[in-house]
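Below: the structure, in structure tokens.
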Amino acid sequence: MNVPGVRFRPLKALPALLNRSRATPRPCYVSKWLQSRGLQVSTAPPANAVPLRKHLKDEAKRKKADAKGLGGPRRDGAVTARLQKWELTVGIEVHAELNTACKLFSSATAASGDITAVPNSNVAAFDAALPGSQPQFQVATLLPALRAAIALGCDVQRKSGWDRKHYFHWDQPNGYQITQYYQPFAKDGTLKLTAEDGVPREDLLGAHSLSIGIKQIQMEQDTAKTSHHPPSNYHIDYNRSGHPLIEIITLPHIHSPQTAAAVVRKLQGLLKAIDACTTGMELGGLRADVNVSVRQRGTTGSLSYSGVAGLGQRTEIKNLSSFKAVEDAIVAERDRQISVLEAGGAIAGETRGWSLGSTETKRLRGKEGEVDYRYMPDADLPPLFIGNDLIDHLRSSLPELPDATMERVQREYGLTEKDARTIVALDNGERLEFMEATEELLQPRLPTNDSLELGRMAGNWVLHEIGGFLTANSLSWSDLKMYPIDLADIIAYLARGEITSRTAKQLLEYANDGSTSRGIGDLIHDLGLQRRPLSDDEYTELARTIMNENPGMVAAIKEKGQKGKIMWFVGQMMRRGEEETIEPEKAKEVVERILAD
Amino acid sequence: MALQCLPLRSALRCRPIPSLRRNLTRFNSTTPSPIDVAALLSKPTWSVTSLLTAASPSTSTITSAITSKQLHHLLRLSALPPPASEAEVSGLLASLSQHLYFVNEIQSVDTTAVEPLQGLRDETKQGEKESELGLEALKEALGKEKVVGRYHRRIRRVRDGVKGKGREGVEEEMGDVMDAAARNGSHMQKYATARRSAWEAWTGQKRSSGKEEMCGAGFSVMH
């Protein structure tokens, strides 16, 4: 049968692929980044702000499309052949600023991540190294440090010492940094990573999780902050001088750049969850140095590090300040080392630097310029003795670690792994708190549903509906005015079928208005938002209207007996009627009744 | 009681000091031979000067002389200016080798199983127990934390914005410290500034990039 007006069209997708726009950063993330550096966002955030999950999905689709494009398979082939021949080994040293009130050896305020503090206002005599000033260990700094050690499963040493690491620099007023070189306060921990944390399949080797050994954790002082004012001026802010840091040193158990980035990401999440380090990498609260070496698979190198033997010569890359930088720098350094070794050269043990947007690491300092730190025990400070009762107390009162929280959320609330991960990480756990409160309030309201279903409903609403509402109105979680009880009421009314889903979304906006203090029930009653089921006559009237408009279809059913087209009428009625007020079974019944006579 | 004697002691055990002999009774049967104490003390068996220079070149235990390259390295580590003339170099090398001789003599003492002294403190078990930081010591800090959330409990440190106070009896003056340092006429009161060119001139070396490179110490304002 020739159906006029229908033609086959060429694949419409092709032009779209050709002028596919470059990925634009998500508006609110960029503006937050700019804001944190005191720069103004010149334009208001665009009205078409994209919700996060949609943005992520679009990005993933675009990446896949890119990979399928030109040169994809060829490039992958060359790279994987190289990687099959050479094995990468990475060790990471993470420096994290502790969340404390005072600095490590003086009682000046430790303004961690506080960009509004006046420069050089929190400087005590020892931080400025005035002659005659003495360090005094501030015991409160032990709490976040011990929590970090316990969360990473380390053995906390009863006795640990303070050592001086000597080098001259304008941001180190004493001429030495006080650290714990000979006797760190915690040793031998582990960090577990799974595929969902970002570990590639080849690294897991069939196991469920990968265990990275933590060699030690030590406490040390931070240096002052330097800002460069070209051409030759440097401004130095001593607020940060003497701030407590912990240095977490991993063993060289990492064998891919993605795993390295995953380790740093996981550490940041862990430290944030236990309130040990609340400023992230973007704000400079967490810094990573990586040690990279390669060796041919099947051979063993001649060097070893802390019990891991058979490694090649390593180079150190300093001052990496984002997860992407960690991954990119390791890839660039690995490629450089492989190129040098394949050309017959040897790797020199040097220190290299990486800047954003580079393709290769840059040499900072060679071995002949290696600094001799002349470590020596600090004579001004007594050794640190940590009592077992304190360790036991902190271990028993440690907050739930992110892994355990995600697992619990999946088990008790029925969320998917991805949703669980998102909700645990968002808004410092506030969203999860809201969801749990909502679920508890839903139980008496919907007693017939089981708790997993309620959990799923609550999770969906908190993550997607409220999330969408916040993004659409460019709000943050702290601007939310509704309470869990409001959300529980909305979900309960909707689940019982007393309101439509469009009404539910409307109620969400009312609840966040701040102008009304009425409960949801009152709102529904006052505004008359209950779903009103249609009467028989209304069904009949609607059916007849549609039938009068489509005599051909009616004829087809009556004369030719094409019963399938009844559902077409039901569909039209549902589309025509007020949203969700038409019940399909009743509509079908009515249509059949009308057609029968 | 004195049966287990150190070899040195046994020589003097049965010999009371002659000058006090009048007041002492003998406690044992061996006849003491008179000691010429004055003779004993007239010839020193050891002098502190033995630590300063080698008695003869053959007894010198220093194996390697210090090279000029090592000297320059040490001067850079200490941020001291390089020597100006050859005479200064040889003078420095000579005094350094004397220092090293001294250190070597000191190192000849047997210190196996002896922990080096790091600081003067109470090293008894009781003393260590007292300096242990336990729950009592951290009670105040633990009190400044609160638990947030009823379902998903988290710990948060209370930030009450109180400026850190000095320990009792000692005032930590914030801000004043920096004022004192910047008082020599800087127009940028808030920041301590540093100029790269000034260091280069002072150390006579080109500064290469990298945080760990040795630069002049101090944060004072330079013009």
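The values are calculated or read from the model by the stated rules, or taken from the named source; none is laboratory data. Every value quoted in this text rests on a predicted model; they were computed, and no experiment measured them. All Cβ positions, even for glycine, are placed from backbone atoms using ideal geometry, and neighbour counts span all protein chains on display.
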Filtering helices (runs of 4 or more DSSP H) wholly in segment A:343-453 for at least 1 residues that are under 25 Å from the mean Cα position of the chain (by Cα) and basic (Lys, Arg) gives A:402-413, A:417-425, A:430-445
What is the one condition in (1) in contact (Cβ under 8 Å) with a residue 24 or more places away in the chain; (2) touching a His at 6+ places or on another chain (Cβ under 7 Å) that A:Lys159 does not satisfy?
-> (2)
Would you list the strands (runs of 3 or more DSSP E) that sit entirely within segment A:252-331 and hold 3 or more residues that are away from chain B (no Cβ under 14 Å)?
-> A:286-296, A:303-305, A:308-311
Between a first residue in segment A:471-492 that is of a type in the set (Lys, Arg) and a second residue that is surrounded by fewer than 21 Cβ atoms within 10 Å (Cβ to Cβ), which pairs have beta carbons less than 9 Å apart while being 6 or more apart in sequence or on different chains?
-> A:Lys481/A:Asn512; A:Lys481/A:Asp513; A:Lys481/A:Gly514
Quick one: in segment A:117-169, which of the residues that are acidic (Asp, Glu) and buried (at least 19 other Cβ atoms within 10 Å of the Cβ) is farthest from the other protein chains (Cβ to nearest Cβ)?
-> A:Asp163
With (1) surrounded by 17 or more Cβ atoms within 10 Å (Cβ to Cβ); (2) charged (D, E, K, R); (3) in contact (Cβ under 8 Å) with a residue 40 or more places away in the chain; (4) more than 17 Å from A:Asp403 (Cβ to Cβ) as the list, and A:Glu202 as the residue in question, which single condition is left unmet?
-> (1)
For segment A:428-445, what are the residues that are buried (at least 23 other Cβ atoms within 10 Å of the Cβ) and more than 11 Å from B:Tyr151 (Cα to Cα)?
-> A:Leu442
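Yes/no matrix, rows are residues, columns are (1) farther than 30 Å from A:Leu142 by Cα; (2) touching a residue at least 12 places away in the same chain (Cβ under 8 Å); (3) surrounded by fewer than 17 Cβ atoms within 10 Å (Cβ to Cβ):
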position: A:Val331; (1), (2), (3): yes, yes, no
position: A:Ile338; (1), (2), (3): yes, yes, no
position: A:Ala346; (1), (2), (3): yes, yes, yes
position: A:Leu364; (1), (2), (3): yes, yes, no
position: A:Asp380; (1), (2), (3): no, yes, yes
position: A:Arg395; (1), (2), (3): no, yes, yes
position: A:Thr416; (1), (2), (3): yes, no, yes
Take segment A:355-365 and flag every residue that is closer than 14 Å to A:Gln337 by Cβ and either outside the structural domain of A:Val331 (by the TED database) or of a type outside the set (Ser, Thr, Tyr) (or both).
-> A:Glu360, A:Arg363
Within segment A:120-145, residues in contact (Cβ under 8 Å) with a residue 24 or more places away in the chain and not in a loop (DSSP other than H, G, I, E, B) come out as A:Ala140, A:Thr141, A:Leu142, A:Leu143, A:Pro144, A:Ala145
Elements of type helices (runs of 4 or more DSSP H) in segment B:117-203, at least 1 residues being exposed (fewer than 14 other Cβ atoms within 10 Å of the Cβ), out of contact with any strand residue (DSSP E or B) (no Cβ under 9 Å at 6 or more places or on another chain) and modelled with pLDDT of 60 or more = B:125-131, B:139-143, B:176-181
